[in-house]
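*Asks:* My questions all concern the structure below.
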Amino acid sequence: MSKLAIFGGESAVKNKSDDIFMRNITKEMEDAVLDVLHQWKMSSFDITKEFEKAFADWHKMKYGLGCNNGTSALHCAMYGAGIGVGDEIICQSTTYWASCLPVFSLGGTVVFADIDPETLCIDPDDIEHRISGKTKAIMVVHYAGMPADMDRIMPIARKYNLKIIEDVSHSHNCLYKGKMVGTFGDVSGFSLMSGKSFAVGEAGIMLTDDRDIYERALLFGHYERHSEIINPELQKLSGLPWGGYKYRMHQMSSAIGLVQIKQFQKDMVEIDKAMNYFWDILEGYPGIKAHRPPKNSGSTKGGWYCSLGLYKTEELEGLSITRFCEALRAEGVGCSYPGCNRPLHIHPVFNDVDIYGHGKPTRIVNATRDVREKTGSLPNAEALQKRVFGVPWFRHYWPERIEEYANAFKKVIENYKELLQGDTGDPEELGGWHLSKR
Ligand SMILES: *Cc1c(COP(=O)(O)O)cnc(C)c1O
């Protein structure tokens with residue numbers, strides 16, 4: 001093997017073009033956006049309703065509600081599911097803040113659970129003992145493209161009569177044992193912002209089969225669509241948004257979405273093939289492990305958003321992930337940084353901050369007990385930053401190009417001993433509160 005690039009050798013990735021990571025932006029998509037512009041229909045909702053129907057049909061769900069982002073779709077889902085003052089939702093600590101933070105504005109709070117260190121989704125064994133008389137829902141995040149263990153989670157929800165809300169922002173088109181995620185629970189919310197796998201701009205969508213949830217979500221943040229409400233009790237009180245929020249989706253995004261729905265599954269097949277090819281090459285190499293469901297389980301990674309590798313420092317004599325990633329970046333793997341979302345339970349906003357001036361931290365203002373988790377109490381979430389790193393998110397199955405990246409990994413792993421010397425370890429803080437700031 002040639003000398004590591006970090007020591008002045010030639011880098012393993014020769015073709016540095018990022019075309020392999022690029023999305024397909026079609027003429028049809030451009031025309032659809034321009035059409036909205038020329039008709040000056042940015043704020044109408046006729047195209048949005050078409051998009052909602054197409055998205056819901058694709059998931060075999062009854063109702064879709066387009067929103068101006070994923071955060072608002074989840075906020076609508078929480079309100080729709082009946083979360084209110086004093087209620088608790090259980091959510092994994094390793095996630096983007098929008099999975100749970102909007103619950104504060106409903107007067108509710110969050111109880112954090114740990115993750116399974118291999119799936120990075122909620123640990124089903126860490127849910128039940130966190131349920132209290134106030135628990136209303138489990139927020140299931142299908143994290144970094146991985147489906148959560150629904151066979152274990154659903155019976156817990158049934159046993160305690162809890163709602164399941166799914167955050168599908170990382171996992172469009174992802175299957176759990178053959179069934180699409182976002183269709184297991186009572187309601188689900190998806191981010192469709194530009195960085196996600198199914199991406200249409202700043203947008204989100206809520207899906208449900210439950211008419212009550214749908215109508216409550218309409219009431220909450222979609223005042224101009226209150227004529228859709230058929231429940232006479234709610235209809236009487238409609239016209240103004242109950243939440244005081246305006247969550248309408250931008251129609252240029254809806255137009256992109258309508259086109260994207262047609263090409264997405266084909267794009268996903270290619271991404272899936274490319275990513276699995278990459279990981280198949282590296283199967284069995286020490287120090288790293290693919291973050292993907294077992295083969296032939298019927299589960300898939302869908303869009304492979306936020307594609308991560310699992311790092312096993314003990315298999316490389318304790319080589320720090322920081323040093324490992326540095327060596328990969330020198331080889332031309334530009335996305336190779338340690339960490340992902342930091343555990344939310346350690347952030348001040350979930351501990352000390354009094355957001356609304358109640359004279360108490362917002363997290364506990366309506367709680368009957370102190371729900372805050374101590375640092376050290378969610379060990380997998382807290383240790384995660386040294387256990388995962390970013391891997392290339394290939395959008396095209398171009399085997400020779402993918403092999404160059406896989407070769408960079410092989411080269412670093414085969415020569416890891418050279419990296420031990422001069423390894424100054426990991427800095428105090430890795431990862432970030434959101435993924436664009438890794
Ligand atoms: C992106 C994201 C959201 C929020 O979506 P926005 O469209 O950015 O508002 C929610 N949950 C998770 C897990 C996300 O990654």
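*Asks:* For Ser132 and Glu233 in the same chain, what is the full-extension length gain: residue separation times 0.36 nm, less their Cα-Cα distance, in nm?
*Replies:* Numbers: separation 101, 0.36 × 101 = 36.36 nm, distance 3.09 nm.
Net length gain for the segment: 33.3 nm.
*Asks:* Have a look at His222, His358, His172 and tell me which one the Gaussian network model of the chain (Cα, springs below 10 Å) gives the largest fluctuation.
*Replies:* Ranking His222, His358, His172 by mean-square fluctuation puts His358 first.
*Asks:* Over segment 27-258, what lengths in whole Å, largest first, do the semi-axes of the equivalent ellipsoid take, defined as the square roots of 5 times the eigenvalues of the alpha-carbon gyration tensor? Don't skip to the end; give the middle numbers.
*Replies:* On the way: eigenvalues 166, 90, 40 Å².
The answer is 29, 21, 14 Å, longest axis first.
*Asks:* Let me check I've understood the local charge: for Gly204, count other residues with C-beta under 12 angstrom from its C-beta, Lys and Arg +1, Asp and Glu -1. What total comes out? Before the final figure, lay out each step's value.
*Replies:* Numbers: positive: Lys196, Arg248; negative: Glu52, Asp167, Glu202.
Charge balance in the 12 Å sphere: -1.
*Asks:* Looking only at Cβ-Cβ distances, which cysteines of the chain have no other cysteine closer than 4.7 Å?
*Replies:* So far as the 4.7 Å Cβ criterion goes, Cys67, Cys76, Cys121, Cys174, Cys306, Cys325, Cys335, Cys340 stand without a partner in the chain.
*Asks:* What lysines sit close enough to Lys417 to cross-link, taking a C-alpha to C-alpha distance under 17 Å and skipping anything fewer than 8 places away on the same chain?
*Replies:* Reachable lysines: Lys3, Lys312.
*Asks:* For segment 337-425, just list the percent of Cα-Cα distances falling in each 5 Å bin from zero outward, please.
*Replies:* Using 5 Å bins, I get a P(r) of 3, 10, 13, 13, 12, 11, 10, 8, 7, 7, 6, 1, 0 for segment 337-425.
*Asks:* Looking at the chain as a GNM with Cα springs under 10 Å, which of Met78, Met249, Met193 has the largest mean-square fluctuation?
*Replies:* Of Met78, Met249, Met193, the Gaussian network model singles out Met193 as fluctuating most.
*Asks:* Sticking with this one: For Asp370 paired with Lys62, estimate the spin-label separation in nm (one decimal), with each label point 7 Å from Cα along the Cα-to-Cβ line.
*Replies:* 4.4
*Asks:* Suppose R0 equals 25 Å; then what is the FRET efficiency for Ser43 and Phe21 from their Cβ-Cβ distance, rounded to the nearest 0.05? Write out the running numbers ahead of the final one.
*Replies:* Numbers: r = 33 Å, r/R0 = 1.32.
After rounding to 0.05, the efficiency reads 0.15.
*Asks:* Calculate the FRET efficiency for Leu240 and Arg211 from the Cβ-Cβ distance with a Förster distance of 22 Å, rounded to the nearest 0.05. The partial results should precede the final answer.
*Replies:* Values: r = 21 Å, r/R0 = 0.96.
With R0 = 22 Å, the Cβ-Cβ based efficiency is 0.55.
*Asks:* Next question. Explain nothing, just the number: relative contact order of the chain, from Cα pairs under 8 Å at least 6 residues apart, as a whole percent. Intermediate results must be reported in sequence, preceding the final value.
*Replies:* Working: 941 pairs, mean separation 93.8, N = 438.
It rounds to 21 percent for the chain.
*Asks:* Additional query: Going by average Cβ neighbours within 10 Å, how do the peptides 314-324, 62-72 rank, with the highest at the top? Walk me through the numbers before you get to the answer.
*Replies:* Numbers: 314-324: 18.3, 62-72: 24.3.
For the peptides 314-324, 62-72, the packing ranking is 62-72, 314-324.
*Asks:* Relative contact order (percent) for segment 27-258, with alpha-carbon contacts under 8 angstrom and 6 or more residues of separation? Can you show the working numbers first?
*Replies:* Values: 504 pairs, mean separation 62.4, N = 232.
Rounded, it is 27 percent for segment 27-258.
*Asks:* Okay, next question. By count of other Cβ within 10 Å, fewest leading, how are His75, His38, His347 ordered? Provide the component values of the computation, followed by the final result.
*Replies:* Numbers: His75 28, His38 8, His347 15.
By the 10 Å Cβ count, ascending, the order reads His38, His347, His75.
*Asks:* Oh, and also: Using a Gaussian network model of the chain whose springs link C-alpha atoms within less than 10 Å, name the residue from Ser93, Ser307, Ser377 with the highest mean-square fluctuation.
*Replies:* Ser377
*Asks:* Something else: Could you work out how much longer the chain between Asn351 and Lys312 gets when fully extended? Use 0.36 nm per residue separation minus the Cα distance between them, nm to one decimal. Working shown, then result.
*Replies:* Working: separation 39, 0.36 × 39 = 14.04 nm, distance 3.13 nm.
Full extension of this stretch gives 10.9 nm more.
*Asks:* Can you classify segment 248-365 as rounded, prolate or oblate using the Cα gyration tensor, where a ≥ b ≥ c are the square roots of its eigenvalues, rounded means a/c under 1.5, and otherwise it's prolate if a/b beats b/c and oblate if not? Intermediate results must be reported in sequence, preceding the final value.
*Replies:* Working: a/c = 2.31, a/b = 1.17, b/c = 1.98.
Note, shape of segment 248-365 comes out oblate.
*Asks:* Hey, could you get me the Stokes-Einstein D for the chain, Kirkwood radius over alpha-carbon pairs, 10 °C and 1.306 mPa s, rounded to whole µm² s⁻¹?
*Replies:* On the way: Rh = 22.7 Å.
Here the translational diffusion coefficient equals 70 µm²/s.
*Asks:* Farthest toward the dipole's positive end in segment 27-258, which of Ser197, Val33, Val141, given Cβ charges of +1 (Lys, Arg) and -1 (Asp, Glu) about the Cα centre?
*Replies:* Val33
*Asks:* Now a separate question. For the chain, what is the calculated [θ] at 222 nm in deg cm²/dmol (nearest 500), taking -39500 (n - 2.57) for each run of four or more DSSP H residues and dividing by its residue count? If you can, show how the numbers build up before the last one.
*Replies:* Values: 11 runs with 131 residues, N = 438.
Result for the chain, helices only: -9500 deg cm²/dmol.
*Asks:* Using the per-residue mean of other Cβ atoms lying within 10 Å as a proxy for protection, in what order, highest first, do the peptides 148-158, 39-49 fall?
*Replies:* Packing order, densest peptide first, comes out as 148-158, 39-49.
*Asks:* To the nearest 20 debye, what charge dipole does segment 27-258 have about its Cα centre, counting +1 at the Cβ of each Lys and Arg and -1 at the Cβ of each Asp and Glu? Show your work: numbers first, answer last.
*Replies:* On the way: 22 positive and 30 negative charges, 100 e Å.
Here the size comes out at about 480 debye.
A short reminder: the numbers here are calculations on the coordinates, not readings from a lab. Just so we're clear, the structure is a prediction, and the values are computed from it rather than from any experiment. Glycine also receives a Cβ, built like all others from the backbone with ideal geometry; neighbour counts cover every protein chain displayed.
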